[in-house]
Amino acid sequence: MLFACKIRMKSPVKLLALVMIFLAVTAATAVTQETAAVVPKLRFAVVLTRHGVRSPTWTLADLNTYSSQPWPDWGVAPGRLTPRGSTLMTLMGSYYRLYFANAGLLRSAGCEDASHVHILADSESRTRETGNALAAGLMPGCGMRTQTVSDGKDPLFSPLAAGIGSPDHAVAVAAISGRIGANPDALVQVYRSSFDTLRALLFGCASEASCPGEEKPGKQSVLKQLSSLEASKGDHSTDLRGPLRIGSTLSEDFLLEYLNGMDGNDLGWGRLDPGKLMEIMRLHAAYADLARQTQYVARVQGSNLLSHILRSMEQAANGQTVAGSLSEVSDRVLVIVGHDTNISNIAGMLGIDWLLDGYQPNDTPPGSALVFELWQQGEGKMAVSTHYVGQSLEQMRKTLPLTLDSPPLKSPIFVPHCSTADQKMTCSWNSFQHTLDNAIDPAFVKP
């Protein structure tokens, strides 16, 4: 005791310093333990992806009516996944494996996790083949295959054609009409510079010059087509016909040529470059926004798919079977292979936006995906982050490998009425669930 007192008397400053160091270490340890306890952990992911690079859906005969020179032969039937498209999707699958392994959701190699990854695709050839290419990248050598509907229209991807719900076609027409001042002809002037660039590519004519090639027998001018907005049948509630729709299709066909690695005369007859591609793709983005993202149209066509995505995430969050889920309780990754229409519909329902460098806002290039990630943030606390991912123009044109150091493009997404201001713009699970439930129309959901 006397020794202790002697120390206190002679070294009060040193003793105080020791006490402060002890308290600081204790506090730092507590903070470290607290921080470690709330490090988010990825539990489940839904990847809604578009199929890979395909050939044009129109026949060569139809395409050739809108150009002075013949379009290239793709070597595959219209609308089919190309060999380049398959390779690019395998590269994307390999990246997903790296990404999810880095997040601790999957192992970095081997087939042990193959039973925890589920790939579901539309029944069309290009979506089935895309799913198989993704599987080859995600789980190489594991024999994992893609699940599809054996025949007929899949209600997930083509709900109206499958007979789900009865849309009010008049309301669908009015919803789009109200966004364009009830004047579809006005769209030509709004996007005139893009139409002029497209015309120069198709016929080699300057915008201010007459174009004799357009007047030849069997040829048609995009701008001379009639604009109309009318009720539709089949898998669409309404049809926006005329220059914008045709221009959208032809512009995307030029994009597909570029992404498929074509060059010389096969790449826009030697007239196409990235600047012109960006300009004409404004037509595709504008058409997708009006025809697919207008809210009523989007709800009619996207509610069934979004409902099943939500049920799949509910199942993962609860750890118990939920009716309507597309996956098993033990699944960690659900990949849904559909079309740009499906992605655009969900974007319209949720009011979300994204931007990938080199593309138009909300563009859906081949192989790109809308990703929902379910994160555990502490005991019993879940959150969802949303992002859009896709290969760049250069990555696809050159078939560049994708790694964590050279990843595809990624755009974090803010979900209105849901996201917070953190770096990942996360939603609490309850808020996410409530937002999606409000966006979904039960009249267009198959139980």
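The values are calculated or read from the model by the stated rules, or taken from the named source; none is laboratory data. Predicted model, so just to flag it, every value in this text is computed and none were measured. Positions of Cβ are backbone-derived with ideal geometry, glycine not excepted, and every protein chain shown enters the neighbour counts. Surface accessibility is based on the protein's heavy atoms, side chains included, excluding ligands, DNA and RNA. Shrake-Rupley method; radii C 1.70, N 1.55, O 1.52, S 1.80 Å.
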P(r) for the range 41-104, please, calculated from all Cα pair distances in 5 Å bins and given in %.
4, 15, 18, 15, 12, 10, 9, 7, 5, 3, 1, 0
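Pairs to check: K224/K276; K276/K398; K424/K446; K153/K398. Give those whose C-alpha atoms are more than 26 Å from each other in this structure. Intermediate values should be presented prior to the final figure.
Working: K224/K276 22 Å; K276/K398 19 Å; K424/K446 32 Å; K153/K398 35 Å.
From K224/K276; K276/K398; K424/K446; K153/K398, over 26 Å: K424/K446; K153/K398.
Report the FRET efficiency, 1/(1 + (r/R0)^6), for S68 and N183, where r is their Cβ-Cβ distance and R0 is 30 Å, rounded to 0.05. Kindly include the intermediate steps, with their values, before the conclusion.
On the way: r = 31 Å, r/R0 = 1.02.
After rounding, the FRET efficiency stands at 0.45.
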For the chain, what is the accessible area per residue in Å² when the probe is 1.4 Å?
44 Å²
Compute a Gaussian network model of the chain, connecting alpha carbons closer than 10 Å, and tell me which residue from G213, G85, G143 fluctuates the most.
G143
Intensity falloff of the range 220-353 expressed as log10 I(q)/I(0), Debye formula with alpha-carbon point scatterers, at q = 0.11, 0.14, 0.15, 0.22 Å⁻¹:
-0.56, -0.80, -0.86, -1.24
Provide the solvent-accessible area of C427, counting protein heavy atoms only and rolling a 1.4 Å probe, rounded to the nearest 10 Å².
0 Å²
When only C-alpha pairs under 8 Å and at least 6 residues apart count, what is the relative contact order of the chain, in percent?
22 percent
Tell me which aspartates and glutamates have Cα within less than 18 Å of K410's Cα, excluding those fewer than 8 residues away on the same chain?
D340, D353, D357, D363, E373, E394, D422
Computed about the Cα centre, the charge dipole of the chain from +1 Lys/Arg and -1 Asp/Glu charges at the Cβ has a magnitude in debye, to the nearest 20, of 1440 debye
The range 378-393 and the range 278-305 have their Cα centres apart by a whole-number Å value of 23 Å
Pop out the ³J(HN,Hα) list for the range 301-314 in order, Karplus 6.51 cos²θ - 1.76 cosθ + 1.60 with θ = phi - 60°, rounded to Hz; leave Gly and Pro as x.
8, x, 4, 4, 5, 5, 4, 5, 5, 4, 5, 5, 6, 4
Which Cα, out of G380, P365, S419, lies furthest along the positive dipole direction of the range 339-447 (beta carbon charges, K/R +1, D/E -1)?
P365
Taking N as the number of residues in the range 158-288, what is its alpha-carbon radius of gyration divided by 2.2 N^0.38 Å?
1.19
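Only Lys, Arg, Asp and Glu count, each charged at its Cβ (+1, +1, -1, -1), so figure out the dipole size of the range 326-447 about its Cα centre, rounded to 20 debye. Intermediate results must be reported in sequence, preceding the final value.
On the way: 7 positive and 13 negative charges, 24 e Å.
In debye, rounded to 20, the range 326-447 gives about 120.
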Could you pull out every residue, at least 5 positions away or on a different chain, whose amide H is within less than 5 Å of the one on D154? Hs are placed 1.01 Å off N in the peptide plane, and Pro or chain starts have none.
S123
Along the dipole axis of the range 201-351 (charges at Cβ: +1 for Lys and Arg, -1 for Asp and Glu; origin at the Cα centre), the most positive-end residue among S228, G247, L290 is S228
Given R₀ = 25 Å, FRET efficiency for H434-T321 by Cβ-Cβ distance, to 0.05?
0.70
Just to check I understand the Karplus step: with θ = phi - 60° and J = 6.51 cos²θ - 1.76 cosθ + 1.60, what whole-Hz values come out for the range 430-447, glycine and proline as x?
4, 5, 4, 4, 5, 5, 5, 4, 5, 6, 7, 9, x, 5, 10, 10, 8, x
Just subtract the alpha-carbon distance of A206 and S221 from 0.36 nm times their residue separation and send over the number in nm, one decimal.
4.0 nm
What residue among M144, L160, V333 has its Cα farthest toward the positive end of the dipole of the chain, where the charges are +1 on Lys, Arg and -1 on Asp, Glu, each on the Cβ?
V333
Under a 1.4 Å probe, counting only protein heavy atoms, K381 has an accessible area in Å², nearest 10, of 120 Å²
Based on DSSP, what percent of beta bridges with both residues in the chain are antiparallel, to the nearest 5?
70 percent
Using the Karplus curve 6.51 cos²θ - 1.76 cosθ + 1.60 with θ = phi - 60°, what ³J(HN,Hα) values do you get for each residue of the range 158-170, in whole Hz, with x for Gly and Pro?
9, x, 5, 5, 8, x, 8, x, 10, x, 8, 5, 5
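State, as an integer percentage, the relative contact order of the range 294-423 based on alpha-carbon contacts under 8 Å between residues 6 or more apart.
20 percent
At a temperature of 4 °C and a viscosity of 1.567 mPa s, determine how fast the range 334-447 diffuses translationally according to Stokes-Einstein, using the Kirkwood radius over alpha-carbon pairs as Rh; express D in µm²/s, rounded to the nearest whole number. Provide the component values of the computation, followed by the final result.
Numbers: Rh = 15.5 Å.
Translational diffusion coefficient: 84 µm²/s.
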For the chain, take the alpha-carbon Rg, divide it by the Kirkwood Rh, and send me Rg/Rh.
1.11
Quick one: which residues, 5+ away or cross-chain, put their amide H under 5 Å from the amide H of V335? H built at 1.01 Å from N.
V47, H118, I119, L120
Which of the aspartates and glutamates could be linked to K233 by a straight reach, that is with a Cα gap under 14 Å, when you skip same-chain ones fewer than 8 residues away?
D168
If every Lys and Arg gets +1 and every Asp and Glu gets -1 at its Cβ, then about the Cα centre the range 255-299 yields a dipole, in debye to the nearest 20, of 320 debye
